[in-house]
Amino acid sequence: MPRSILQAVLLVDGYNIIGAWPCLKKTRDSVGLEAARGELVEAMTGYSAFQGYTTQIVFDAQYQNCSSNKEIITELLSVYYTDFGQTADTYIEKSCASFRHQIAQSLISRVIVATSDRAQQLMIQGYGAEWLSAQQLCGEVEATVCRMRQKYHTRKQSKSRFLANAIDAKARQRLAELRMGLQ
């Protein structure tokens, strides 16, 4: 999918989404938090690529004594772990304030924050960012997966199992001429 010159930025409150999506909550409770984070990253990888969003999933390290860490997953997706004592909410709010200036300078087109935290919703909207609930994001991710499957399935279908049937008639004619030694 071609991306526009002006990128949209999607900030995802990681633990909020894990706690809100039934499938991720189930994984967290049965296998562990690391597995749930992995599933969220996997889901957001395809979604970000399909939508063309520059996405950052934010996990807070509020109760862990470690420094911030950014992990680049793809060109469009990264995972950010906050500093000790910093919440994901604080990081997202600061990012929205920073992105506000980039929108004014036409460096990015829009900022979207995915969280179901009501206080966070009000705060980020004050910075001009759009809000997406955890349930809305879940629905959009599922719809995108269906669209990607449909797009792949229609592209994969051909008239038969032979490669020659998957190319246009002009290319097929040219290949036949080359095979017979006609130039």
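The values are calculated or read from the model by the stated rules, or taken from the named source; none is laboratory data. In this text the structure is predicted, and so the values were computed from the model without any measurement. Counting neighbours? That spans all protein chains shown, and the Cβs are built from the backbone with ideal geometry, glycine included. What goes into the accessible areas is simple: the full protein's heavy atoms, side chains included, and nothing from ligands, DNA or RNA. Shrake-Rupley method; radii C 1.70, N 1.55, O 1.52, S 1.80 Å.
Structure notes:
- Simple spin-label estimate for residue 69 and residue 174 gives 5.1 nm between the two label positions (7 Å along the Cα-to-Cβ direction from each Cα).
- Whole-percent carbon and sulfur share, accessible surface of the chain, 1.4 Å: 54
- Remark: spin-label model distance residue 130-residue 143 equals 1.1 nm, labels positioned 7 Å along the Cα→Cβ axis.
- For the chain, adding -39500 (n - 2.57) for each run of n ≥ 4 DSSP H residues and dividing by the number of residues yields -16500 deg cm²/dmol at 222 nm.
- Each of the peptides 45-57, 167-179 was scored by the mean count of other Cβ atoms within 10 Å over its residues; in descending order, highest first, they stand as 45-57, 167-179.
- Label corresponding to Rg/Rh (Cα atoms, Kirkwood Rh) when calculated from the structure given, among (i) 0.94; (ii) 1.16; (iii) 1.04: (ii)
- The mean sequence distance of close C-alpha pairs (under 8 Å, at least 6 residues apart), as a share of the length of region 51-133, puts its relative contact order at 23 percent.
- Selection from 129, 53, 90 lying farthest towards where the dipole of the chain points positive, charges on Cβ: 53
- Highest mobility in the GNM of the chain, judged by mean-square fluctuation with C-alpha springs under 10 Å and restricted to 13, 29, 117, is found for 29.
- Lysines whose Cα lies under 29 Å from that of residue 151, excluding same-chain neighbours fewer than 8 positions away: 159, 170
- DSSP beta bridges confined to the chain are antiparallel in about 15 percent of cases.
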